[in-house]
Structures are given as structure tokens and as C-alpha cells.
Amino acid sequence: MHPIPIMPQPSNQEIKEQQDQHPLVFDASLLRHQLHIPSQFVWPDEEKACLDEPDLPVPFIDLGGFLSGDPLAATEASRLVGEACQKHGFFLVVNHGIQHQLISDAHLYMDHFFSLPLSHKQRAQRMPGEHCGYASSFTGRFSSKLPWKETLSFQYSPRNNSPTLVKDYLCDKMGKEFEQFGNVYQDYCEAMSNLSLGIMELLGLSLGVGRAYFREFFEENNSIMRLNYYPTCQKPDLTLGTGPHCDPTSLTILHQDQVGGLQVCVDNEWHSIKPDVNAFVVNVGDTFMALSNGRYKSCLHRAVVNSETTRKSLAFFLCPRSDKVVSPPCELVDKLSPRLYPDFTWPMLLEFTQKHYRADMKTLEAFTNWLQRKSTHSNISNHIK
């Protein structure tokens, strides 16, 4: 290990001149020390966050009894999940059966990756229109309201024909020396996929469609794993780690470190979700909101940063297999609850959020309108032909 040389910090005027002359690059090793924040990272006043919001009273769902087959525990867990999902879509799960060492390793290897020089991380650079790879903020995609974060995303599928999908992808992008790195996240994704299927059983029970319905729908999932790294910021009140949005995916299982920064909007007021090392934060996404015919909520949330401690989180986004049609079960559709959303597949919504729309609180509504316009245009074209 060579000692890291202490470099003199450029003045604010020099920084501004450099930014005007060169394309913006989010290099956390430099930006975390700067008092001048590039304007692209400064959010409008009406969207700026308070860093110290009151805690949200989120239910703790004890999965121990449910996972061991206790019917009374399953009934109670499904009741609590249902109440949370009707109100805001967020809950915590404990006694989930995931090994503490695996969670610890996943956080440790995340530290290793994001401490690499920018040029090394860029071996896995995320390409325009893609959802996998390394992204330093969204500097190549958007020009304003940029998030103060770095991410590494990769695809996961539990199908038999792709048992080492995660490891192979990471080794291909970063080199063979990342094999153990890949093994850790291959194992972590497998654990998250299994946990998500158990949670899907609870969601099925709580909606009255049976524990098997959603489990079978997601059994061969095409999911996304994302490592989130929020560097310190000298002016944290001016920016956001992640802007206000609803997840377009089906279910998110998040493990945060002990720094804190996740905030949820409930009844037009922002609340914090306090970190708990023994719990996973679970929330419903837009795709499951459509699957439930709007009965369960995909909730607006964001991430804030601070000036003292880097924040990290592990996010597993459960997504259905590419050819699965997202359509609610018949039990959730009747005269009092007509269909709210058209049929679609996950790749259609993913394409919409990657190429046509920046995910926010109205993604599902905008996507529905987009689908209807495409359908109308297609019908007109066919009529002309």
C-alpha cells in the first residue's frame, strides 16, 4: 500500500472554471471535500430535504413463526403486512433467516468496490439505456437534480440455466480477481430472492388470493441488485442522495447501514425510517401496485446525505420474469374495484423508466398514459394499412 498524497484543494473559482470547461463527472473522492457543489446537484427549494425528520412508526414483521410453518404466526404477519401496505407500503422484517455474516460481507465488499479509483470502477460503466453497471450519479443521463450517490447494479435470476449469473457478470466487467466479490453477491441475491418469495406468500394471504399465487408468479424472477453508496457532502441541505420517487419494480428489500437517511412521505409529510441492523426494510413498488389493482401502495421515498459519514445500502428489487403479464388476479377486480391499469410486462415498464421517463411519484400513471397512446397510435396505423 502506497501512502495517499495530500493534495492541495483548488479554490471555488478554479472548480467553477474547470466545471465550465469539462463534462461533469461525479468523482466522490474529490467532490466529498468541496464546499462548492456543482449546480447540477442542487435541488429546487421545494424539493430540498430536512435532514432530521420524525421517525415513521413502521411495523416489525416477525417472520420466525411464519417461516417455521406456524399458522397463527402467518395470520398475524399477513394482517400487519396488509395494514402497512394499504397505508404506505413500508414495513420491516426481522427473524428473516438471512445469515448475519452474509449481510456483513455484502457491506464489506461494497466498501472495497466504492473505495477503488474512479477509472477502476468505470470498467463496469453503465451504458445509456441500460440498468446494469456502475453509475456515478446520473451525469450521463440527466443534467439537473442529480443524486449525490454512486451505484453498482446487476441482474439476478434464480433459474437453473443461470446459476452463476451475478458472479459471471462481475468477473467479466471487473476481472477474475473479483471472483469472491461475485460469489458474495451471488449468494446474497439468492437469499434475497428466497426471502422475497416468502414475503409474496404473506402478500397473497393478506389480499385473500392464497399464499401460492404471487409466489408462483415471481418464482422465476428477473430481478435487480443495487449497491448504493452515498458519499459525504459539505452542503447536504442543498442536495439529495436519491430524489423523491416510487420504485417501478415489484418489491424492494433494503438493508441500510447504521447511518440513516431513508425518508418516506406519508399523508404529505416526510418521515425517517430508523436503521436496524437486524431488520430489512421492505416496500411495495409500482409493478406490485398494479398487480394488486391499486389496493397496496407504492410509496414516495427519498434518501438524504450528510456531511460526516458515508451512507451505504443494499437494495434487492424483485421483478417478474420478462414474459409474465402483469395483470391482477380476478379476486381483486369487481364492479366496486374495476381495473386501474392495463396489462403490461416488466420489460415494457423498465424500458419506459430507462429511456422515456425519470422515475418519480407518478411513474405508473405516466406509463399507463404512454401505453394507451402507443396502443391508439398502433390502431390508427393498422387502420391506415
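The values are calculated or read from the model by the stated rules, or taken from the named source; none is laboratory data. Every value quoted in this text rests on a predicted model; they were computed, and no experiment measured them. Because the Cβ atoms are built from the backbone with ideal geometry, glycine has one as well, and the counts that use them run over all protein chains shown. Protein only, heavy atoms only, side chains kept; ligands, DNA and RNA dropped before computing areas. Shrake-Rupley method; radii C 1.70, N 1.55, O 1.52, S 1.80 Å.
The figures follow:
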| quantity | calculated |
| --- | --- |
| Heavy-atom accessible surface of the stretch 237-327: percent carbon and sulfur, 1.4 Å | 45 |
| Value of relative contact order over the stretch 133-193, rounded to a whole percent, pairs C-alpha under 8 Å and six or more apart | 25 |
| Pairs of Cα atoms farther than 17 Å apart, the stretch 161-203, % | 40 |
| Contact order normalised by residue count of the stretch 55-189, Cα under 8 Å, 6+ apart, percent | 18 |
| Segment Q155-L24, length gained on full extension (0.36 nm per residue, minus Cα span) | 44.4 nm |
| Normalised contact order of the chain, rounded percent, pairs of Cα under 8 Å and 6 or more residues apart | 19 |
| Under 22 Å from K167, Cα to Cα: lysines that are on another chain or at least 8 residues apart | K121, K176, K312 |
| Overall form of the stretch 64-120 per C-alpha gyration tensor (a/c, 1.5; a/b vs b/c) | oblate |
| The stretch 27-104 - Rg over Rh from alpha carbon coordinates, Kirkwood radius | 1.21 |
| Charge dipole of the stretch 66-184 about the Cα centre (unit charges at C-beta), most positive-ward option of M110, F138, Q86 | F138 |
| Where N is the number of residues in the stretch 65-170, Cα Rg divided by 2.2 N^0.38 Å | 1.47 |
| Cβ charges +1 (Lys, Arg) and -1 (Asp, Glu), total dipole of the chain, debye | 1040 |
| Listed candidates (i) 67, 59, 45; (ii) 72, 53, 37; (iii) 78, 56, 40 - label of the one calculated as Cα extents along the principal axes in Å | (i) |
| Of the DSSP H helices in the chain, those whose Cα atoms cover at least 15 Å axially and whose Kyte score averages -0.5 or more | 71-87, 100-114, 179-207 |
| Shape category assigned to the stretch 229-385 from the gyration tensor of Cα positions, a/c cut at 1.5 | prolate |
